[in-house]
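S.K.: Can you keep this structure in mind? I'll have questions shortly.
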Amino acid sequence: MGEGRILWRVMRARRLFSSMIFWGPPGSGKTTLARLIAQELDCEFVSLSAVMSGVADLRRLVEQARRLRNQGRRVVVLIDEIHRFNKAQQDALLPHVEDGLLTLMGATTENPFFEVIGPLLSRSRVFVLEPLSPEHLLVILRRALTDRERGLGGLPVEVTEEALRLVAARSGGDARRALNTLELAVLSTPPDPDGRVRVGPEVIRECLPRRELVYDKEGDAHYDTVSAFIKSVRGSDVDAALYWLARMLKGGEDPRFILRRLFILASEDIGLADPQALVQVAAASRALEWVGLPEAEYHLAQATMYLALAPKSNSTRAYFQAQAALEETGAVQVPLHLMDASRDGRALGHGRDYLYPHDFPGHWVEQDYLPEALKGRRFYEPGEEGAEPGLAARWRARRGETEPGTEN
């Protein structure tokens, strides 16, 4: 909305160039912004709730829009919670948006790139609204206290600065929640002997709603939170990992899903740097089966802390390099000496010249195990943390190699 920005230019041009979708958390101003734009551009504004409306409501809206267009009026339709419209309902809306009969303004708390059909998205501009900062909420709250027409300005009320800041800090960036809290505090407080309503922080604390975690187990909060959790463990930040773990469990996340992600991380990001990491997650998984929640929170926390503190290595990516080599060369023949000798070994030569490692000192003998087409190829690049350098040193010694950095 700032000077020179896209919505400011739309207002200056006095016309809408495309439909718009406002994506943001509750109470960030999506519906208000749509109404203000329609009002500023002198458009006919119609609001539908995707929760309450169906295809029949859309048909009536289209007929109304045709009549208004004949009168030279442009219709802007706000569809609140547009992600609740199924594909058929969105398809029914598409041709009327495409021919310009309707200008769509969708409001959604869910990611529109997953919830809105592609043809509608391609005809719309997506605007992302962020949660309001406490400073922004203070502006709104002070305005509500002075607005005589739509706010509390007509009442003899005094709200302390500390109380206002408490509302702003505890509303989670949601203007609707902040205003509801202020209204409840003012209207539920009896006036003092001189007729004034005085609201301090103690009254606000009683009126604040229970702090709710924004966590939809199938939506963006689910994927964003688990992403933050895994990146914190990978980045060895124990405090952050425990915070995101608590947030997922408090939000009702399935602990088995968390353990599945930890199982992956134990091999993807730690691997041979600490082979016990996988054991720790397996033990936590077993503990969850035996004791369940909430007691298993101890075991989930222990596994999370262990993995966050463990040395890191991503050398298991060697598997995917081997996989790429398979794609490159195709399924070449298994070398004769590695073939199964139990089936016609004498007649076909399967297993001939195979050297049995246990017949040699150290239970190892040099021989080729890769197909001829891949002879000499290297996939595994050892990590340099934890237990892996020791494991790799023995591997290099058997190959007659020196450890990197010790060639001289």
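S.K.: If you average 1/r over every pair of different alpha-carbon atoms in the chain and take one over that average, what Kirkwood value in Å do you get?
M.R.: Details: mean 1/r = 0.0360 Å⁻¹.
That comes to 27.8 Å for the chain.
S.K.: Along its principal axes, what span do the Cα atoms of segment 6-128 show, with the longest given first and each in whole Å?
M.R.: Principal-axis extents of segment 6-128 (Cα, largest first): 34, 32, 24 Å.
S.K.: Sticking with this structure for a sec: Around Leu101, what is the net charge, scoring Lys/Arg as +1 and Asp/Glu as -1 over all other residues with Cβ under 13 Å from its Cβ? Please report the intermediate quantities before stating the final value.
M.R.: Working: positive: Arg59, Arg66, Arg67, Arg69, Arg73, Arg74, Arg123; negative: Glu44, Glu63, Glu98, Asp99.
Charge balance in the 13 Å sphere: +3.
S.K.: Further question: By its C-alpha gyration tensor, with a ≥ b ≥ c as the square roots of the eigenvalues, how is segment 220-309 shaped: rounded for a/c under 1.5, else prolate for a/b larger than b/c, else oblate? Before the final figure, lay out each step's value.
M.R.: Values: a/c = 1.70, a/b = 1.09, b/c = 1.55.
Judged from the Cα gyration tensor, segment 220-309 comes out oblate (a/c at least 1.5, b/c at or above a/b).
S.K.: Now a separate question. Farthest toward the dipole's positive end in the chain, which of Pro119, Ser171, Leu102, given Cβ charges of +1 (Lys, Arg) and -1 (Asp, Glu) about the Cα centre?
M.R.: Leu102
S.K.: If you keep only loop residues by DSSP, which trypsin sites (Lys or Arg not before Pro) in segment 54-107 have at most 16 other Cβ atoms within 10 Å of their Cβ? Don't skip to the end; give the middle numbers.
M.R.: Details: sites: Arg59, Arg60, Arg66, Arg67, Arg69, Arg73, Arg74, Arg84, Lys87; in loops: Arg73, Arg74.
Answer in residue order: Arg73.
S.K.: If we count other beta carbons within 10 Å of each Cβ, what is the order of Asp99, Asp57, Asp254, fewest first?
M.R.: Placing the least packed residue first, the sequence is Asp99, Asp254, Asp57.
S.K.: I would also like to ask the following. Which residue, Pro361, Pro131, Pro26, has the most motion in a Gaussian network model of the chain that connects Cα atoms within less than 10 Å?
M.R.: Ranking Pro361, Pro131, Pro26 by mean-square fluctuation puts Pro361 first.
S.K.: What does the extension gain come out to for Trp8 and Arg143, with contour length at 0.36 nm per residue minus their alpha carbon separation?
M.R.: Details: separation 135, 0.36 × 135 = 48.60 nm, distance 2.29 nm.
Net length gain for the segment: 46.3 nm.
S.K.: How high is the relative contact order of the chain, in percent, with contacts defined as C-alpha pairs under 8 Å that are six or more residues apart?
M.R.: Working: 534 pairs, mean separation 43.8, N = 408.
Here the relative contact order equals 11 percent.
S.K.: For segment 99-176, run through the trypsin sites (Lys or Arg not before Pro) and keep only the ones in DSSP coil with at most 11 other Cβ atoms within 10 Å of their Cβ. Don't skip to the answer; put the middle values down first.
M.R.: On the way: sites: Arg123, Arg125, Arg142, Arg143, Arg148, Arg150, Arg165, Arg170, Arg176; in loops: Arg123, Arg148, Arg150, Arg170.
Of the trypsin sites (Lys or Arg not before Pro), the ones in loops of segment 99-176 whose Cβ has at most 11 other Cβ atoms within 10 Å are Arg148, Arg150.
S.K.: Tell me the relative contact order for segment 6-128 as a rounded percent, counting alpha carbon contacts under 8 Å between residues six or more apart. The partial results should precede the final answer.
M.R.: On the way: 180 pairs, mean separation 46.4, N = 123.
Computed value for segment 6-128: 38 percent relative contact order.
S.K.: Using just the helices of the chain, give the 222 nm mean residue ellipticity in deg cm²/dmol: DSSP H runs with n ≥ 4 each add -39,500 (n - 2.57), and the total is spread over all residues, rounded to 500. Don't skip to the answer; put the middle values down first.
M.R.: Working: 18 runs with 193 residues, N = 408.
-14000 deg cm²/dmol, from helical runs alone.
S.K.: FRET efficiency for His363 and His222, Cβ-Cβ distance as r, R0 = 51 Å, nearest 0.05?
M.R.: Values: r = 48 Å, r/R0 = 0.95.
Once the sixth-power term is evaluated, E becomes 0.60.
S.K.: Of the listed peptides 229-239, 363-373, 272-282, what is their order by residue-averaged count of other C-beta atoms within 10 Å, with the highest listed first? List each step's numbers first, then the result.
M.R.: Working: 229-239: 17.5, 363-373: 11.7, 272-282: 19.5.
So the peptides 229-239, 363-373, 272-282, ranked by packing, come out 272-282, 229-239, 363-373.
S.K.: As an exercise, identify the GluC sites (Glu not before Pro) in segment 142-185 lying in DSSP coil whose Cβ has no more than 15 other Cβ atoms within 10 Å. Don't skip to the end; give the middle numbers.
M.R.: Numbers: sites: Glu149, Glu158, Glu161, Glu162, Glu183; in loops: Glu149.
Of the GluC sites (Glu not before Pro), the ones in loops of segment 142-185 whose Cβ has at most 15 other Cβ atoms within 10 Å are Glu149.
Read the figures in this text as sums done on the coordinates, not as results from a lab. The model shown is predicted, which means the values in this text are computed figures rather than measured ones. Note that we place each Cβ from the backbone using ideal geometry, even for glycine, and neighbour counts take in every protein chain shown.
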